[in-house]
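Here is the structure we will look at, set down as structure tokens.
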Amino acid sequence: MMLPHLLRKIRWLLPITALVASGVAHATSRDDQIDAFVADMVTNYGFDEAYVREVLGDTETKQSILDAMSRPAEKVKPWYEYREIFLTDKRIREGAGFWQEHSEQLERISAETGVDTQMIVAIIGVETFYGRITGSYRVVDALSTLAFDYPKRSKFFTKELGEYLQLAREEQLEVDGVKGSYAGAMGPPQFMPSSYRAYAVDGDGDGRRDLLGNWADIQKSVANYFVAHRWKAGADVVIRAELQDDAQQPSSKNELKTKTSLGELRKQGLTFESDLPADTEANLIVLEGEDGTEYWIGLHNFYVITRYNRSVMYALAAWQLGEAIAAKVD
């Protein structure tokens, strides 16, 4: 039998419990999320409510996008397999051809920004095979699917959806006509809408920032992205290292930021060639190579590459592709 004072306590708690449950339902309701998004676009960015609802009403949820988000290549492949996706004879050869085709423009951009030509070419090569593979999903479908049907990253993609609507308005893009990756990245450089708005620049002085088809804008915007993330002109990017036979196996989580120094890494038994000062900020990267463990030391510019894609394997593949292309051009 329930005690009277306990019964009174439970009755007092019931309204609070109901409110909490109601709040959870409200926060996770797809319709409520859409309503909140529409209200935000109207109130804070001056959009017409009917227009925003019409755009969203024409979108399609894509299960293939949700599936793709759950299996990024860098999480399931070892380094030696991931590397082979990008370091192919064809990609290197065509990268050299792309460089030669755009050489005058690329050299001008490199001189203006301090970003190496090989890095600009490599990023475009890794991202879209020099503009050939830019994605087949409507960007508005990709972003709405991930905003409203992918709770794990809903906050991020809801923001990107809002950025996309603003971008379409600013750059006079057909909101339902732009295609991109399953994550909503656009054009040969695969900029997300927020990056497009923040880092895209007019590379040829025509008054527009066209990352979908204008190579001057595309190339200079890639360079500008690196400049904005504090690329150091002429500085080293990464150093190959070896571990002394009697050294203890170093532990590394392959973190992106430079959290140690070259001097400290030498003390841990790593050997490498570098004239940089011992207090140079660095980070140890340990990867599974085809012939055993590979040790790499990432420097500041390596960290900058990871701002483009937050993966040490991506950054290393892009850098190695750039080196291979440059050797082919020379």
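Given the residues TRP231, TRP215, which is the only one that is over 27 Å from TYR295 (Cβ atoms) and hydrophobic (A, V, I, L, M, F, W, C)? Let's see the steps before the verdict.
Details: TRP231 fails: over 27 Å from TYR295 (Cβ atoms).
Residue meeting the stated conditions: TRP215.
Considering GLU84, GLU94, the condition of being surrounded by fewer than 15 Cβ atoms within 10 Å (Cβ to Cβ) and either free of Cβ contacts under 8 Å to residues at least 40 places away in the same chain or assigned to a loop (DSSP other than H, G, I, E, B) (or both) is satisfied by GLU84 alone.
Out of segment 186-207, which residues are of a type in the set (A, V, I, L, M, F, W, C) and not in a loop (DSSP other than H, G, I, E, B)? Those that are of a type in the set (A, V, I, L, M, F, W, C) and not in a loop (DSSP other than H, G, I, E, B): MET186, PHE191, ALA198. Per the listing ASP275, ASP245, the residue uniquely within 29 Å of GLU112 (Cβ to Cβ), among the acidic types (Asp, Glu) and without any contact (Cβ under 8 Å) to a residue 12 or more places away in the chain is ASP275. If the condition is being surrounded by fewer than 21 Cβ atoms within 10 Å (Cβ to Cβ) and closer than 14 Å to LYS257 by Cα, then segment 307-321 contributes ARG307, ASN309, ARG310, SER311. Can you confirm whether segment 100-121 contains a residue that is more than 28 Å from ASP31 (Cα to Cα), touching a residue at least 12 places away in the same chain (Cβ under 8 Å), outside any loop (DSSP other than H, G, I, E, B) and in contact with a Lys or Arg (Cβ under 7 Å, 6 or more places away or on another chain)? Scanning segment 100-121 turns up at least one residue that is more than 28 Å from ASP31 (Cα to Cα), touching a residue at least 12 places away in the same chain (Cβ under 8 Å), outside any loop (DSSP other than H, G, I, E, B) and in contact with a Lys or Arg (Cβ under 7 Å, 6 or more places away or on another chain).
Does MET119 satisfy being in contact with a Leu (Cβ under 9 Å, 6 or more places away or on another chain) and within 26 Å of VAL304 (Cα to Cα)?
Details: in contact with a Leu (Cβ under 9 Å, 6 or more places away or on another chain): no; within 26 Å of VAL304 (Cα to Cα): yes.
Answer is no for this residue.
Inside segment 230-251, residues that are farther than 20 Å from GLU273 by Cα and either buried (at least 16 other Cβ atoms within 10 Å of the Cβ) or among the aromatic types (Phe, Trp, Tyr) (or both) make up a count of 1. Residues of segment 233-271 that are modelled with pLDDT of 95 or more, more than 19 Å from ILE285 (Cβ to Cβ) and not hydrophobic (A, V, I, L, M, F, W, C): GLY234 alone. Among the numbered conditions (1) closer than 20 Å to TRP231 by Cβ; (2) acidic (Asp, Glu); (3) free of Cβ contacts under 8 Å to residues at least 12 places away in the same chain, the only one that GLU127 does not meet is (3).
Across segment 28-43, a minimum of one residue is classified as part of a helix (DSSP H, G or I), out of contact with any Lys or Arg (no Cβ under 7 Å at 6 or more places or on another chain), basic (Lys, Arg) and in contact (Cβ under 8 Å) with a residue 60 or more places away in the chain. Only one of the numbered conditions (1) surrounded by fewer than 21 Cβ atoms within 10 Å (Cβ to Cβ); (2) more than 22 Å from PHE191 (Cβ to Cβ); (3) out of contact with any Gly (no Cβ under 6 Å at 6 or more places or on another chain) is violated by ALA278, and that is (3).
This table checks each residue for (1) of a type in the set (Val, Ile, Thr); (2) in a loop (DSSP other than H, G, I, E, B); (3) in contact with a helix residue (DSSP H, G or I) (Cβ under 8 Å, 6 or more places away or on another chain); (4) in contact (Cβ under 8 Å) with a residue 40 or more places away in the chain.
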| residue | (1), (2), (3), (4) |
| --- | --- |
| ASP141 | no, no, yes, yes |
| THR145 | yes, no, yes, yes |
| ARG153 | no, no, yes, yes |
| GLU160 | no, no, yes, no |
| GLY184 | no, yes, yes, yes |
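The values are calculated or read from the model by the stated rules, or taken from the named source; none is laboratory data. Being a predicted model, the structure only gives us computed values, none of them experimental. Cβ: placed from backbone, ideal geometry, glycine included. Neighbour counts: every protein chain shown.
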